[in-house]
Amino acid sequence: VFEAIGACAAGTITEDELGEIERNACPGEGACGGMFTANTMSSIGEALGLSLPGSASAPAIDPRREDDARRAGEAVVNMLRLGIRPSDILTKKAFENAIALANALGGSTNAVLHLLAIAHEARVELDLDDFNRIAARVPHIADMKPGGQFHMTDLDRVGGVPVVLKHLLDAGLLHGDVMTCTGKTMAENLAEINPPQPDGVVVHPLSQPINAEGGLLILRGSLAPKGSVVKVAGLSQEQRLFEGTARVFDDEDGAMVAIMNGEIQPNTVLVIRYEGPKGGPGMREMLAITGAMKGAGRGYDCALITDGRFSGGTWGFCIGHVAPEAVDGGPIAFVRDGDKIKVDVANLSLDLLVDEAEMNRRRQGWQPNPPRYTSGVLGKYARLAQGAEKGAITNLL
């Protein structure tokens with residue numbers, strides 16, 4: 001729908017066609033149909049061992065959902081009897097399994113934020129380096145939207161998340177000895193389900209992956225010293241190196257106006273700042289902006305960089321969670337229109353091509369933009385939130 005809005009603004013479809021898309025885009029109940037954030041996190045629930053094996057992929061209106069609900073109640077009672085606690089399930093190995101699955105599925109960039117935050121609450125040491133370490137050895141094998149062809153119902157049809165988990169386990173890319181909510185290990189669960197082998201279309205075999213590396217990568221460099229996140233699932237090899245000219249906006253709204261007015265030219269790097277955990281505050285979801293870019297024809301010849309975050313429905317050259325964020329005086333705060341920015345996914349780098357002397361001049365006398373909220377829940381959150389590289393948590397202990 002958001003891509004259609006951009007296409008309508010660009011004149012490539014009519015308002016009537018836009019209306020037709022809006023009326024038919026999301027039929028029925030349940031989460032968005034692709035490997036967006038909701039389905040990514042439900043899949044990760046299986047990999048962490050927190051949700052029942054095979055429960056992630058069934059459609060919302062499927063009768064199996066009633067069975068899942070009954071089995072969930074039984075599992076809770078069983079865990080109480082066995083004395084299994086969340087801390088017994090949420091181990092470092094479990095988080096490594098979750099990261100492996102997210103990469104194999106080409107899942108949402110929001111998985112990085114959520115896993116970091118969950119690990120913090122579970123008192124498990126997890127950082128951005130773990131994501132690149134695992135992405136380097138776990139290929140992207142599920143051809144799922146938004147970057148691929150298929151929906152969650154298609155994955156369900158070929159066996160669901162267990163197909164991917166078992167394939168990774170058999171290749172030594174998953175820890176099979178971790179405890180799960182069934183009271184059994186991951187390996188025991190998968191042996192009991194005995195899922196089919198990858199069908200070769202929705203889920204590729206590891207011998208013929210969609211990409212040799214995982215779908216989520218962490219980039220660092222002079223523009224993101226503490227890290228940033230890019231979803232490479234759906235990007236061709238040619239799209240993984242980009243150098244362009246910055247067009248800077250201090251919020252998403254200004255960037256949206258520029259796109260809708262046709263002001264964004266090829267080889268532009270849109271920089272949207274003050275949308276991070278503190279600066280937003282709250283890292284509002286950016287789907288409208290990325291969809292409008294693609295609909296307006298700027299999805300392949302431009303890049304978007306932000307200290308905010310994206311919808312799981314985002315695809316293309318979009319880099320989020322840039323840290324430190326602008327309100328903390330990160331380099332993104334000092335980018336100016338016309339600056340050159342280079343993104344090199346192969347080298348995991350994101351660089352602002354401005355020399356240090358000039359950066360020091362820009363830092364002199366700098367003050368962050370005034371906070372958008374000084375009271376209420378958002379005001380409190382802005383004062384307590386930590387950086388995206390830590391999962392945007394608010395626990396200061």
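Within segment 42-61, the set of residues being within 17 Å of the chain's Cα centre (by Cα) and of a type in the set (Gly, Ala, Ser) comprises 42, 43, 45, 47.
Condition (residue is over 20 Å from the mean Cα position of the chain (by Cα) and either surrounded by 15 or more Cβ atoms within 10 Å (Cβ to Cβ) or not in a loop (DSSP other than H, G, I, E, B) (or both)) applied to segment 301-319: is it met by at least one residue? Yes - at least one qualifying residue is present in segment 301-319. When the residues of segment 296-336 are filtered to those that are β-branched (Val, Ile, Thr) and touching a strand residue (DSSP E or B) at 6+ places or on another chain (Cβ under 6 Å), the one that is farthest from residue 227 (Cα to Cα) is 335.
Residues that are part of a loop (DSSP other than H, G, I, E, B), farther than 15 Å from residue 226 by Cα and aliphatic (A, V, I, L, M): does segment 355-372 have at least one? Looking through segment 355-372, none of the residues is part of a loop (DSSP other than H, G, I, E, B), farther than 15 Å from residue 226 by Cα and aliphatic (A, V, I, L, M).
Once segment 377-397 is narrowed to residues that are outside any helix (DSSP H, G or I), touching a helix residue (DSSP H, G or I) at 6+ places or on another chain (Cβ under 9 Å) and among the small types (Gly, Ala, Ser), the residue that is surrounded by the fewest Cβ atoms within 10 Å (Cβ to Cβ) is 387. Here 152, 144, 186 are screened, and the one residue that is touching a residue at least 24 places away in the same chain (Cβ under 8 Å) and within 22 Å of residue 89 (Cα to Cα) is 186. Restricted to strands (runs of 3 or more DSSP E) entirely inside segment 157-258, those with at least 1 residues that are surrounded by fewer than 19 Cβ atoms within 10 Å (Cβ to Cβ) and of a type in the set (S, T, N, Q) are 241-249. With respect to the stated conditions, residue 290 is touching a residue at least 24 places away in the same chain (Cβ under 8 Å), outside any loop (DSSP other than H, G, I, E, B), polar (S, T, N, Q) and closer than 21 Å to residue 325 by Cβ. Of all the numbered requirements in (1) touching a helix residue (DSSP H, G or I) at 6+ places or on another chain (Cβ under 7 Å); (2) assigned to a loop (DSSP other than H, G, I, E, B); (3) closer than 21 Å to residue 35 by Cβ, residue 134 misses one, and that requirement is (2).
All of the numbers you see were taken from the coordinates with simple rules; none came from a lab. What you see is a predicted model; the values in this text were computed from it and never measured. Every residue, glycine among them, receives a Cβ derived from its backbone with ideal geometry; neighbour counts consider all protein chains shown.
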